[in-house]
Each structure stands twice: as C-alpha cells, then as structure tokens.
Amino acid sequence: MIEYRAGDVGNTAYLAAPRDGGPGVLVLHAWWGLTPFFKGLCDRLAGEGFIALAPYLYGNRATAATIEEAERLVAGMDGDRTYALITAAIDRLRSSDGVQGENIGVVGFSLGGAWALLLEDHISAVVTFYEAGNPENISADASFQGHFAEQDEYAPPEDVRRLEEGLRAKGREIEVYTYPGTGHWFFEEDRPGHYNADAAQLAWERTVRFLRDRLTSAGKA
C-alpha cells in the first residue's frame, strides 16, 4: 500500500509493479471497495507487464460485504472529492518509477467503471465492466472497451447500445462484448452465484490484449 495526497486530503492506494516497469493502469474498484479481489487484479496486471494502481474511492479504506452496505457507502460519497482522489491517483501513477509513456489506461468496475468513463487527461485506454454510463458525458480522447452481462438490470442492452453508438458518433474507437448466460459481477470470483469462470477468463484476455495494444503504442509515440 502507498499513501498519496489530493490537495489537503490524504488517501491510500494499492500499487503492483513488474520488475522491469511497464505502462501504467489505474484500477477503479466496484462499490464493494478496495477488496482483496481488486488488489489481486493489480497483481495480475503486474504479471502481464503493467504497473497497476488502485486507490480507495471512499477515501477511508471502507469496504462492503453486502449490497446494503455498498449502497450506504455510495450514498455517502462526495463526487468532487472522489474525482479529486482519482485524478491525484493518476498523477501518482504517472510519476511512479518504471511507468512507460505519458498516457495511462484505466479499468473500472460498476461504480469504478462510471468514474473511468468520466476521466479526461492522460487517459488513452478505458476498460469498463458492467457500466455503460452516458456517452454525452464522455470526453476523453481515448479508445474504449466494454464488458457486459447478458442479464444485467444495472446496464440493460439499450444502455450498452447507447454507449457504443454515442462514442462512435464522437469518433471514438470502442469494442463492446456481451457474455451470454452471465449477470452483473460475472468477472469477480469472490461473488459466488455471480462469477462465471469462462466469461471472466475471456474478458481478462481481451482486456490484457486491448491494454497492451493501446498503451504500448502510446508509450512509444
């Protein structure tokens, strides 16, 4: 774990890095908080050659075990403060030893995916899981990749279509994948009854390929 500051506010983040450095990737957790699963995801990204940083979005190391607890944490969020914590984390990641290239990638899940779609500066690749957002609010000059469940009340098909069509209308590159037989949280192995191992593995392979393709070329520019 590392400490960093957003103005007068301190925060904590999990950093994982390969020995030889690599492109930077920001990981934004789901509404469960920065649980062991998302820290482990940073370790997996480091194993693929990325330097991964995952900040606590709640700012107080809070995590949730149930939907009700998660809803309370989200209800207590201050949007401006959260955005400041995320942008400061981007600066911290870009200044980390071994990070290659000026631009970074971001991988966000649900709540984290919503924030990932709102980021702007120094972002060249955005991966969102389960979150379609509103394309009218997306301004990053980046490439996008989305992973969605077939049955998901939080991101119904019409929202996914709106995201894809809206970004294409803005001239952005976007890849959209929907995984048959899955529901929300299908990627998260610590969510029994929701996790789908086959879909998660395929989504992981697509994510790594996308980040490698976009960030390696950006880093060489």
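The values are calculated or read from the model by the stated rules, or taken from the named source; none is laboratory data. Everything numeric in this text was worked out from a predicted model, so none of it was measured. No Cβ is skipped: glycine too gets one built from the backbone with ideal geometry, and neighbour counts run over all protein chains shown.
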Of the conditions (1) aromatic (F, W, Y); (2) surrounded by fewer than 20 Cβ atoms within 10 Å (Cβ to Cβ); (3) under 24 Å from T216 (Cα atoms), F37 clears all except one; give me its number.
(3)
If you check every pair at least six apart or on different chains, which have Cβ atoms under 7 Å apart with a residue in the stretch 188-210 that is among the basic types (K, R) first and a residue that is surrounded by fewer than 16 Cβ atoms within 10 Å (Cβ to Cβ) second?
R206/Y177
Close pairs from the stretch 152-163: first within 18 Å of H194 (Cα to Cα), partner surrounded by 13 or more Cβ atoms within 10 Å (Cβ to Cβ) and of a type in the set (D, E), Cβ under 7 Å, at least 6 apart:
A155/E131
Selected residue (only one of V176, V99 is surrounded by 14 or more Cβ atoms within 10 Å (Cβ to Cβ), in contact with a strand residue (DSSP E or B) (Cβ under 6 Å, 6 or more places away or on another chain) and touching a residue at least 40 places away in the same chain (Cβ under 8 Å))
V99
Would you call A169 within 30 Å of D78 (Cβ to Cβ), among the small types (G, A, S) and touching a residue at least 12 places away in the same chain (Cβ under 8 Å)?
no
Restricting attention to the stretch 54-77, which residues are closer than 19 Å to Y14 by Cα, touching a residue at least 12 places away in the same chain (Cβ under 8 Å) and not aromatic (F, W, Y)?
A54, P55, L57, G59, R61, A62, T63, A64
Output the residue which, of all residues in the stretch 1-33 that are in a strand (DSSP E or B) and of a type in the set (G, A, S), is surrounded by the fewest Cβ atoms within 10 Å (Cβ to Cβ).
G10
Name the single residue, out of those in the stretch 205-221 being at pLDDT 95 or above, among the hydrophobic types (A, V, I, L, M, F, W, C) and closer than 18 Å to R172 by Cβ, that is surrounded by the most Cβ atoms within 10 Å (Cβ to Cβ).
L211
